[in-house]
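Engineer: One structure follows; several queries about it will come next.
Every number in this text was worked out from the coordinates using simple rules, so none of it is lab data. As the structure is a computational prediction, the values presented were derived from the model and not from experiment. Cβ atoms come from the backbone with ideal geometry, glycine included; neighbour counts cover every protein chain shown.
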């Protein structure tokens, strides 16, 4: 008998908006675009990709493509997604290493 497996989808476990915001904040601290796209994609799927795409002003297909591994989203798309998630970017000065 073959064992059935399914791909892990973190969006199934991102139930609260607080957890989603904390996850994105942690990923944003590292500043890696690939990780940021991945995190935004997880949270957008958790909230409903169609609704987030509509609020961000893009099509669902365009949003999937922008947040995919091969996607290269415009900054305006990322801003739209962040706003649609009810979040905002907050910039701070990088402190010099001691």
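Engineer: Could you state the angle between the C-alpha long axis of helix 17-30 and the longest principal axis of the C-alpha atoms of the chain, as a value from 0 to 90 degrees rounded to the nearest 10?
Structural biologist: With both axes taken from Cα atoms, the answer is about 60 degrees.
Engineer: With a 10 Å radius around each residue's Cβ, average the other Cβ atoms per peptide and rank 52-65, 33-46, 3-16, 82-95, highest first. Write out the running numbers ahead of the final one.
Structural biologist: Values: 52-65: 17.4, 33-46: 19.1, 3-16: 9.3, 82-95: 11.0.
In decreasing order of mean packing, 52-65, 33-46, 3-16, 82-95 become 33-46, 52-65, 82-95, 3-16.
Engineer: Report, in deg cm²/dmol and to the nearest 500, the calculated mean residue ellipticity at 222 nm for the chain, where each DSSP H run with n ≥ 4 adds -39500 (n - 2.57) and the sum is divided by the residue count.
Structural biologist: Mean residue ellipticity at 222 nm (helix-derived): -16500 deg cm²/dmol.
Engineer: Here's something else I'd like to know. Take residue 18, project a point 7 Å from its Cα along the Cβ direction, then tell me which residues of region 40-56 have their backbone nitrogen under 20 Å from it.
Structural biologist: 43-44, 46-47
Engineer: A further question on this structure: Could you work out the mean projected area of the convex hull around the alpha carbons of region 28-84, in square nanometres to one decimal?
Structural biologist: 3.4
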